[in-house]
Amino acid sequence: MSFVPNRKLFRNSIFRLAMVYAGLFSLSVILIFTFMYWATAGYMKRQTENNIASEHIDLVEIYEQSGLPLLLNVINDRIFQPSSTSSLYLLTDISYQPVVGNLKSWPPPEQTDTPWVSFTYQRNGTQHQGLGQQVLLNNGYHLLVGQDTRELQKLQHLIWDAMLGGVIITLLLALVGGFMMSKTMMHRIEAINKTCHRIIDGDLTQRIAVSGGNDDFDKLIQTLNRMLDQIEELMHGIKQVSDNIAHDLRTPLSRLRRRLDMLRISEQDKDVQELLLDQAINEADGLLATFKALLRISEVESGSRKANFQDLDLVPIVADLVELYEPLAQDKEQQLNWQQPPAPATLCGDRDLLFQALSNILDNAIKYTPALGSIQIELKPQGKQVELSISDSGPGIPVAEQEKVLERFYRLELNRASPGNGLGLSLVAAIINLHQGQIHLTDNHPGLRITLSLPVSS
């Protein structure tokens with residue numbers, strides 16, 4: 001992967017955000033290093049000043065209590081102690097002429113208005129830096145007590161250089177990290193953009209590749225891929241519906257046009273004309289029923305009917321359904337078996353839509369079950385769902401076509417000659433999906449078993 005900067009990278013919002021965080025991180029590091037410098041170098045300087053002040057007070061007390069001779073002896077002793085190589089002492093007379101000490105002269109300028117003084121002095125041919133505290137003693141003597149601060153300054157400079165290097169390294173790492181992170185994010189976003197452009201160009205089979213890290217990007221990509229699956233399925237459904245409309249409605253429209261032509265040129269008697277007119281009206285009614293069913297399915301799939309959802313009991317709905325269709329089953333000498341459960345089956349839904357879906361299923365069962373056949377309705381709870389199954393003893397549906405009959409306009413070849421438009425089970429599937437349920441078709445040996453699984457009310 002190349003990390004050569006380009007304009008596109010600098011215009012990238014992720015890169016700019018990374019730079020903002022890099023700046024904030026660097027600022028926090030600078031503040032931390034500043035505190036560390038103050039806590040180390042500053043502490044050492046304050047410790048040096050405290051040592052100078054303590055020794056200064058000690059010598060002044062010796063002079064005031066024991067006089068000049070003892071002070072001279074103490075200063076000489078301390079000068080020649082091996083552990084006091086950094087200590088500085090100078091005692092001068094009233095004219096600043098040295099009396100005793102390891103400094104050759106009083107540091108210029110000769111200030112008497114402040115106790116603290118910073119100065120330079122020569123030692124072994126090398127210039128040194130010192131910090132001292134001065135005081136005017138009785139009889140005009142001047143006392144300067146200090147320490148060599150050359151090593152302290154070296155240590156302070158060393159700490160400062162280390163902190164400066166740390167800040168520079170932090171800035172470089174933040175810049176490189178932000179650059180690499182932005183480059184990686186841009187690579188993944190560019191992959192999404194390329195896939196989306198291919199989809200826009202018409203290839204609905206394209207999907208965005210996941211990295212396998214299961215991060216937020218992967219979760220977003222998985223959601224987008226599921227959305228693309230749904231869009232592809234809907235587009236496939238629209239294409240299939242268009243093809244089926246062109247195929248299934250072409251025949252009735254052709255018949256309608258032929259009858260209208262016959263009616264226009266017919267020289268038959270009035271009875272024949274009325275027959276042709278009735279047939280044309282029936283064809284038109286069939287076409288209107290088909291489009292009404294399509295509109296009904298579209299309305300259900302849009303989710304607008306969810307506004308009518310309320311808690312309801314499925315048991316009385318099934319009971320009303322059995323009462324409505326029982327005379328039709330008796331006319332065909334069929335047995336319609338229904339055992340009402342003792343407990344209610346409460347769920348949240350639209351009563352009219354559920355009644356419509358169950359009516360379509362039961363109507364098909366009675367329609368395709370032969371005389372003396374049986375139809376079984378079962379309603380039972382299954383954990384957080386309620387299952388409703390309608391079984392018949394008809395010819396059934398081949399396993400390979402059980403899922404296809406849920407598509408719009410799909411009809412088995414054996415049933416194409418019978419009345420219908422192939423939208424009944426499509427409407428059932430749309431209603432069950434609206435209620436967040438599932439529909440399963442299985443063999444009943446013989447016949448077909450349709451099972452609806454609907455979530456119960458919480």
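The values are calculated or read from the model by the stated rules, or taken from the named source; none is laboratory data. Computed from a predicted model, the values in this text were never measured in an experiment. Glycine gets a Cβ as well: all are built from the backbone with ideal geometry, and neighbour counts include every protein chain shown. Just so you know, the surface numbers come from the protein's heavy atoms only, side chains and all, with ligands and any DNA or RNA stripped out. Shrake-Rupley method; radii C 1.70, N 1.55, O 1.52, S 1.80 Å.
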### Task
Quote the relative contact order of region 104-167 in percent (integer), defining contacts as alpha-carbon pairs under 8 Å separated by 6+ residues.
21
### Top positive-direction residue, dipole computed over the chain with Cβ charges, set 381, 321, 228
228
### Distance-filtered residues of region 135-149 - backbone nitrogen under 18 Å, label point 7 angstrom along residue 118 Cα→Cβ
145-149
### Query
Counting each DSSP H run of 4 or more residues in the chain as -39500 (n - 2.57), what helix-only mean residue ellipticity at 222 nm follows after dividing by all residues, to the nearest 500 deg cm²/dmol?
-19500 deg cm²/dmol
### Message
Once ligands and nucleic acids are excluded and a 1.4 Å probe is used, how much of residue 406 is accessible, expressed in Å² to the nearest 10?
### Response
30
#### Entry: Percent of beta bridges antiparallel (DSSP, region 270-424, rounded to nearest 5)
75
### Query
Relative contact order (percent) for the chain, with alpha-carbon contacts under 8 angstrom and 6 or more residues of separation?
10
### Summary
Classified through the alpha carbon gyration tensor (a ≥ b ≥ c as square roots of its eigenvalues; rounded if a/c is under 1.5, else prolate when a/b is larger than b/c, else oblate), region 191-345 comes out oblate
### Task
State the answer as a single residue: which of 43, 68, 56 lies farthest towards the positive end of the charge dipole of region 23-77, with beta carbon charges of +1 for Lys and Arg and -1 for Asp and Glu, about the Cα centre.
43
#### Entry: Mean-position separation - Cα centroids, region 355-402 and region 134-172, in angstrom
96
### Task
Grab the beta carbon distance between residue 96 and residue 159, set R0 = 25 Å, and tell me the FRET efficiency rounded to 0.05.
0.10
## Note on the structure
Under the 7 Å Cα-to-Cβ spin-label approximation, residue 25 and residue 399 lie apart by a distance in nanometres of 5.8
### Message
Could you give each residue of region 440-447 its phi-based ³J(HN,Hα) in whole Hz, using Karplus coefficients 6.51, -1.76, 1.60 with θ = phi - 60°, and x for Gly or Pro?
### Response
10, 10, 9, 6, 9, 6, x, x
### Which labelled figure in (1) 133; (2) 336; (3) 176 is volume of the Cα convex hull per residue in Å³, once derived from the coordinates
(2)
### Message
Using each residue's phi in region 86-100, evaluate 6.51 cos²θ - 1.76 cosθ + 1.60 at θ = phi - 60° and report the 3J(HN,Hα) Karplus result to the nearest Hz, with x for Gly and Pro.
### Response
8, 7, 10, 9, 7, 10, 10, 7, 5, 9, 6, 8, x, 10, 7
### Query
Structure shown: which of 194/219; 219/239; 306/384; 219/306 lie over 23 Å apart, alpha-carbon to alpha-carbon?
219/239; 219/306
### Message
Along the Cα→Cβ direction, 7 angstrom out, place labels at residue 385 and residue 254. What is the inter-label distance in nm?
### Response
4.3
### Message
With θ taken as phi - 60° and the coefficients 6.51, -1.76 and 1.60, list the Karplus ³J(HN,Hα) couplings across region 134-143 in order, rounded to whole Hz; mark glycine and proline as x.
### Response
10, 8, 9, 8, 5, 6, x, 6, 10, 10
